[in-house]
Structures are given as structure tokens and as C-alpha cells.
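First comes the structure, then the notes that go with it.
The values are calculated or read from the model by the stated rules, or taken from the named source; none is laboratory data. Source: prediction; values computed, not measured. Using ideal geometry, Cβ is built from the backbone for each residue, glycine included, and neighbour counts are taken over all protein chains shown. To get the accessible areas, we keep the full protein, side chains included, count just its heavy atoms, and leave off ligands, DNA and RNA. Shrake-Rupley method; radii C 1.70, N 1.55, O 1.52, S 1.80 Å.
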Amino acid sequence: MNHLKERVQLSFTVFAMFFGAGNLIFPAFLSYQAGSNLVAAFAGFAMTAIGCPVLSLLAISKAGSLEKLSERVNPIFSKIFTIAIYLAIGPCLAIPRTASTSYEMISIAFSLNAPILGILYSIVFFAAAGVVALHPEKLTKSLGRILAPILIILIIVLFIGTLGLEAVLDSPQEVYQKHPFATGFREGYQTMDAIAGLVFGVIVAMNVKRLIPDEKEGKKETLLASIGGGFLLLIIYLILAGIGTKGVFFTTSPETGADILSGAATYISPNYGKYLIAIIFVLACFNTSVGLLSSCGEYFTKLFPKLSRGKWIAIFAIVSAVIANAGLGMIIKLSSPVLELIYPTAITLIILAFIPAAGKACYVLSASVSIISSLLTMLGLPLPFASAGFGWVLPTIAAAIIGIAFSRKSLQ
């Protein structure tokens, strides 16, 4: 494949699958709260919201699938961990958030208050997403060519409308005062993109294979598409963060980044801005929902082939619609502890995929220690850097070093 056009479309497809509800909400709110510590906070955010997702796609490209990567620890662990990842990134947390977030913006734009409307919206939203998700190998056409470019253009329009205002970088709010980098790093967890990359990898490979069947050349194109998608994420995150630095002009005491972006849209156009932001949220959330439904449907069809992919997608769409009506705040509240437990192990496996010296002992020790130290950190035990949310890092690195030493010794 030598055409720049196809490569750009693949990059847009990667961007579209990753860029959903959290990706819109968190960068603007981060910059508003971080104030003068914005650079450190954004750097931390970029590591988990851009770097890790790109690496996760490449790790899956190298390993073949999330199941094969996690099998390097243990087959039983692989089944449990993979199912946990798919359920967390799928119908239990991430997919419902796409509908609840987008409906929240629509309800503001059209002054909708009746609970039944939220239920009806989630049904229509997931029905449409499910139909598109039935053909994961064709997402380049729907997401890469059409929806992602439209979304990016609308976000740029929002940014251009705020160019006349100066950025305000006041003293950082309490959460970003002591450990801005670590706080930004943990905020990147909330996008769920590092673990999303572990399930999106197969879908990206399917779209690449549709354009180029050669496996070696396909891995090269996956690399380029992943980097291209990561670059698009960086540009849009910077744009959203730039809008967030002007949040004082749009709203007072915002509770989420959605309040800031909604205020910015209203500032640009008091009459039509609310519709602009609603469309942005719906497109972003719809794109991600499609990618997640496709990935979950693909995996569970292989795990339980008695049900077709279409039936699995329908099941996940229905479950997601039910959970979505619990509300955005509840979903985010429930997702935080789950992500803080899963993310360290996911990041550990992603990094180990690029270390040739990492043998069986390294995978077993590193994964085990990452899970145990994450639990201990959540329970409040005083591990090194636990106060910054990195209590799992040093123990996992030590376990990896010991594991590599054991792996080398067993080869001698």
C-alpha cells in the first residue's frame, strides 16, 4: 500500500475509535484545574492517554492478540484478565459512558428533562452503533473517511472561536498542587485508551489486512496508523487544553470538562453553540461506541462461538443501554477504582511486549506484583510513591528485573 490517502484514513480510524467521551472531557478540565502546572500535568496525561494507547496497539500487533500477550503469564490468568478488560472497556463501563455523556450534552442543548427521553436516546444510539459495528473490517470507510474528519473540523471550529481570549494560568487547584505529573498521569487512566488499545488492536489489524494482505507489510502499516492516530490525539488534546485555559471566561466552578466546552460553545454563539457542542459529543461518543462494540463482539464470538457476532453485539448494546441510564457521574465514580486496578497490569504487559529478554518468569512475577501492589496502594499501604498513585511502579520494576535474571539463568 503506497497511497498516502489510505494511510491517512487508517490514522483517522485509530483516532476515531480512541477519541470518545473521556477524551473530550478530561483535557479541558485538566488545563483549567492545573493552571500554572499545566505543562507537567499535560505531560503525565499524554503518557497514559497517548503514549500507552499507541504502544498497546503495537504490542497487540507484535503478540497477535490480547489473549496471546496475557498467556505469557498463564493461560488461566489470560482468560480472567482478558475477559475483565473486555467487560470493563465494554458494556460495564466505557460503552455506557458514550451514551450517557452524549445524552447529557443533548439534554442541555434541547432542554430535555424527561427520564424517558434518556432511555429512548440510549436505545437509538446503541441500535445505530450496533449496525455499524457489524462490519468491523469496514470501519475505515465509516469512521476514517467520514465521521472522524467531521469531528476534528468541529473541534477546530470551537477552538478558533476562542482565539480572541487570553489563556489564564492561575495557581493550580489543590489536586494539581503537589503532584501535577502524577495526577495528569492518573487522569489519563480515565480515557481508558491504554486498555482500549489492547482490544482495538485486532480491529485495526482487520482494517489494515483488508487493504494489504501481506502480514509483514501489514505490521508496518499498523505501526504507521498507530503513530498517525496518536499524533491526531495529541493535536486535539492540545486544542482542548487550550480551550480549558480560558475556562474562566465561559463558566464558574465547572464540575467537568463538559461544562467548560459547553460554555465555550455558548460564548461563541449564544443561540447555536449548544447544538455545536452536542454534535461534537455525539460524534465522538458514537465513534468510540462502534469500535468498542466491534471489538467486544469479535472477542466473545471467538470465546463463545455458539452465538454469532451480531447477537453478541446486540447483547452488549442492550446491557450498555441499561447501564447508561445510571448516569455519567455514577459511571465515572465506579470506573475509577476498577481502572486503577487494571491499568498497572495492562501497562506492565504492554511494556514487557517490547523487551526481548522478558521470559516466562518475568511475565509471571511482573504481572503478579503489579496486581498485588495496586491492591495494596488502593488499601492505603505506604508503598514508595503511593501518595502520587505510583505505588505499583517500583515493586513491578524490581519484579521485572528479577524475572529477567531468572529467564536468562534458565537459558544457560
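Take the residues in the range 248-262 that are in a helix (DSSP H, G or I) and either within 27 Å of VAL124 (Cβ to Cβ) or among the hydroxyl-bearing types (Ser, Thr, Tyr) (or both); name whichever of them is most open to solvent (accessible area, probe 1.4 Å). The qualifying residue most open to solvent (accessible area, probe 1.4 Å) is ASP259. Being of a type in the set (Asp, Glu) and in a loop (DSSP other than H, G, I, E, B), is that true of even one residue in the range 169-180? Scanning the range 169-180, I find at least one residue that is of a type in the set (Asp, Glu) and in a loop (DSSP other than H, G, I, E, B), so the answer is yes. One residue stands out among those in the range 263-303 that are closer than 16 Å to ILE156 by Cα and among the polar types (S, T, N, Q): the one that is least open to solvent (accessible area, probe 1.4 Å), which is SER269.
Which one is modelled with the lowest pLDDT among residues in the range 145-189 that are open to solvent by less than 30 Å² (accessible area, probe 1.4 Å) and of a type in the set (Ser, Thr, Tyr)? Only one residue tops the list, namely TYR189. If you take the residues in the range 13-56 that are over 12 Å from the mean Cα position of the chain (by Cα) and more than 27 Å from ASP259 (Cα to Cα), which one is modelled with the highest pLDDT? Result: LEU55. When the range 280-330 is filtered for residues that are small (Gly, Ala, Ser) and outside any helix (DSSP H, G or I), the ones remaining, listed by number, are SER308, ALA326, GLY327.
Of all residues in the range 10-22, those being polar (S, T, N, Q) and surrounded by 24 or more Cβ atoms within 10 Å (Cβ to Cβ) number 1. Of the residues screened, LYS138 is one that is farther than 27 Å from VAL39 by Cα and of a type in the set (Lys, Arg). When GLY403, GLY391 are checked against the criterion of being part of a loop (DSSP other than H, G, I, E, B) and open to solvent by less than 40 Å² (accessible area, probe 1.4 Å), a single residue qualifies: GLY391. The condition of being free of Cβ contacts under 8 Å to residues at least 60 places away in the same chain and of a type outside the set (A, V, I, L, M) does not hold for THR140. Answer with yes or no whether MET192 is open to solvent by 20 Å² or more (accessible area, probe 1.4 Å) and of a type in the set (A, V, I, L, M, F, W, C). Against the criterion (open to solvent by 20 Å² or more (accessible area, probe 1.4 Å) and of a type in the set (A, V, I, L, M, F, W, C)), MET192 does not qualify.
Considering the conditions (1) in contact with a Leu (Cβ under 8 Å, 6 or more places away or on another chain); (2) crowded, with 18+ Cβ neighbours inside 10 Å; (3) modelled with pLDDT of 95 or more; (4) not hydroxyl-bearing (Ser, Thr, Tyr), ALA314 is excluded by exactly one of them, (1). Among residues of the range 77-98 that are more than 16 Å from THR288 (Cα to Cα), those with a beta-carbon under 6 Å from a residue that is open to solvent by 10 Å² or more (accessible area, probe 1.4 Å) and part of a helix (DSSP H, G or I) at least six positions away or on a different chain give the pairs SER78/GLU67; THR82/GLU67. Within the bounds of the range 358-367, is there any residue that is open to solvent by less than 40 Å² (accessible area, probe 1.4 Å), among the aliphatic types (A, V, I, L, M) and not in a helix (DSSP H, G or I)? Scanning the range 358-367 turns up at least one residue that is open to solvent by less than 40 Å² (accessible area, probe 1.4 Å), among the aliphatic types (A, V, I, L, M) and not in a helix (DSSP H, G or I). Of the residues making up the range 334-357, those that are of a type outside the set (Gly, Ala, Ser) and crowded, with 21+ Cβ neighbours inside 10 Å number 10.
Among the residues of the range 363-378, those identified as hydrophobic (A, V, I, L, M, F, W, C) and at pLDDT 85 or above are VAL364, LEU365, ALA367, VAL369, ILE371, ILE372, LEU375, LEU376.
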